[in-house]
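S.K.: Dropping the structure in here first, questions after.
The values are calculated or read from the model by the stated rules, or taken from the named source; none is laboratory data. All values reported here derive from a predicted model rather than from experimental measurement. Methodologically, a virtual Cβ is constructed for each residue, glycine included, from the backbone with ideal geometry; neighbour enumeration extends over all protein chains shown. Please note that ligands, DNA and RNA were not included when accessible areas were found on the heavy atoms of the full protein model with its side chains. Shrake-Rupley method; radii C 1.70, N 1.55, O 1.52, S 1.80 Å.
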Protein chains: 2
Amino acid sequence: MEQVKGVVKHIVLAKFKEGVTEEEIEKHIKDYATLLNHIEHMKSFHWGTDVSIENLHQGFTHIFEITFETLDGRSAYVAHPAHVDFGTAFLTILEKIVVVDFVPTLVKQ
Amino acid sequence: MEQVKGVVKHIVLAKFKEGVTEEEIEKHIKDYATLLNHIEHMKSFHWGTDVSIENLHQGFTHIFEITFETLDGRSAYVAHPAHVDFGTAFLTILEKIVVVDFVPTLVKQ
């Protein structure tokens, strides 16, 4: 097993409150992605909607994955005013959220 | 915004039951990774433990990320007997789990 060098993955699962519109969700996703322009520590931003088939999504509908090169970069992102502002607004439209970070170990065939 | 071609991400968050030992967890992670040898649709297997600092991990301690080239490959993996056997055993030691799949859209700086 081999550690993937220089990658920290930050994963956010979101379930929106009932009544939150598609337009509101789209605006927040755009604001989320716009953090890339403000926080240099963000190396990539991926997002998508849940298409799982095992019925274990627990109501989560949206997934966001941000990568950083270092845990320090991740910490700088978390503390960055642009992230704090975004996060504060984002939380107001969420019913629930999970945020996990990990330094991936890659297992190959 | 640009779709990442040919990638389906499958993310599993796990919280183990109280009393489950580190050895049991390690054995299950090894068994999980060994699916790579049985299911050709799995293109990569990454895992790690939560190191987040925002206190939004909701008790989840382990993260697994598997990639597939297509949703059909993902579905074949879900239905594969080796996965079903692993999943059945894995669930017995879990307090909770979230499984989401998504076709990532990449947003660049």
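S.K.: For chain B, with the dipole built from +1 on Lys and Arg beta-carbon atoms and -1 on Asp and Glu ones, taken about the Cα centre, which of B:13, B:106, B:68 lies farthest toward the positive end?
M.R.: B:106
S.K.: So, one more: Once you compute Rg and the Kirkwood Rh from C-alpha atoms, what is the Rg to Rh ratio for the protein assembly as shown? Working shown, then result.
M.R.: Numbers: Rg = 16.9 Å, Rh = 17.8 Å.
Ratio value, two decimals: 0.95.
S.K.: Mind counting lysine pairs for me in chain B? Cα separation below 30 Å, and the two need to be 8 or more apart along the chain or on different chains.
M.R.: Within chain B, the lysine pair count is 23.
S.K.: Mind checking how much accessible area B and A bury in total, 1.4 Å probe, in Å² rounded to 100?
M.R.: Working: alone 7230 and 7240 Å², together 10620 Å².
Buried area between the two chains comes out at roughly 3800 Å².
S.K.: Determine the sum of side-chain charges near residue B:67: Lys and Arg each +1, Asp and Glu each -1, restricted to other residues whose C-beta is under 12 angstrom from that of residue B:67.
M.R.: Values: positive: B:9, B:43, B:74; negative: A:65, B:65, B:69, B:101.
For residues surrounding residue B:67, the net value is -1.
S.K.: In addition: Using +1 at the Cβ of each Lys and Arg and -1 at the Cβ of each Asp and Glu in the stretch A:17-102, identify which of A:89, A:29, A:39 lies farthest towards the dipole's positive end.
M.R.: Result: A:39.
S.K.: Let me ask something else about it. Determine the share of the stretch A:33-109's accessible area contributed by carbon and sulfur atoms, expressed in whole percent, with a 1.4 angstrom probe.
M.R.: On the way: 1830 of 3330 Å².
Taking all protein chains in place, the stretch A:33-109 shows 55 percent carbon and sulfur surface.
S.K.: Now for a separate question. Each residue of the stretch B:92-102 in turn: what ³J(HN,Hα) in whole Hz from Karplus with 6.51, -1.76, 1.60 and θ = phi - 60°, glycine and Pro shown as x?
M.R.: Karplus values, whole Hz, x for Gly and Pro: 5, 9, 9, 7, 7, 8, 10, 10, 10, 10, 8.
S.K.: Might you tell me the accessible area per residue for the stretch B:17-102, computed with a 1.4 Å probe and given in Å²? Walk me through the numbers before you get to the answer.
M.R.: Details: 4190 Å² over 86 residues.
That works out to 49 Å² per residue.
S.K.: Among A:57, A:83, A:28, which one shows the highest mean-square fluctuation when chain A is modelled as a Gaussian network with alpha-carbon springs under 10 Å?
M.R.: Maximum among the listed residues: A:57.
S.K.: What residue among A:78, A:99, A:51 has the largest mean-square fluctuation in a Gaussian network model of chain A, using Cα springs under 10 Å?
M.R.: A:51
S.K.: Determine the dipole magnitude for chain A: charges of +1 sit on the beta-carbon of Lys and Arg, -1 on that of Asp and Glu, nothing else is charged, the reference point is the Cα centre, and the result goes in debye to the nearest 20.
M.R.: Working: 10 positive and 16 negative charges, 64 e Å.
So the magnitude is around 300 debye.
S.K.: Nothing charged except the Cβ atoms of Lys and Arg (+1) and of Asp and Glu (-1): what's the magnitude of the dipole of the protein assembly as shown about its Cα centre? Round to the nearest 20 debye.
M.R.: Details: 20 positive and 32 negative charges, 52 e Å.
For this selection, approximately 260 debye.
S.K.: Over chain B, what is the mean sequence separation of C-alpha contacts under 8 Å (at least six apart), divided by residue count, expressed as relative contact order in percent? Intermediate values should be presented prior to the final figure.
M.R.: Working: 161 pairs, mean separation 55.8, N = 109.
Answer for chain B is 51 percent.
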